[in-house]
Amino acid sequence: MSIVLCKLVKVYTKLLTQSHDVFEQVRNDIQNNVSFIESKITQYGLDGYSMYVYLLPFADADEDKKDIMDKLLQSEGGQA
């Protein structure tokens, strides 16, 4: 298991207080995407840089994304 995956799973283990099913879904999502993230880091020559990966769980990604963007634009004076 890669270092990135180990760290992400450790963080989620500490923070996740919901059901076992949610934990397993998060673990699976991380495992399914680590190789992609690692390949992009290598592709762009970012191997020597520190990386922070923030994972945000959304109940409804499309609607949550819209709400977040609306609130961000409103806080900046409504400018798009």
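Quick notes
- Straight-distance candidates among the aspartates and glutamates for linking to Lys65, with alpha-carbon spacing under 20 Å and chain neighbours fewer than 8 residues away dropped: Asp29, Glu76.
- Extension gain, Asp60 to Ile41: 0.36 nm times the residue separation minus the Cα-Cα distance gives 4.0 nm.
- Ordering 29-40, 61-72, 45-56 by mean Cβ neighbour count within 10 Å, with the highest value first, yields 29-40, 61-72, 45-56.
- If R0 is 30 Å, the Cβ-Cβ spacing of Glu24 and Asp67 corresponds to a FRET efficiency of close to 0.65.
Values in this text are rule-based calculations from the coordinates and carry no lab data. If you're wondering where the values come from, they're calculated on a predicted model, not measured in any experiment. Using ideal geometry, Cβ is built from the backbone for each residue, glycine included, and neighbour counts are taken over all protein chains shown.
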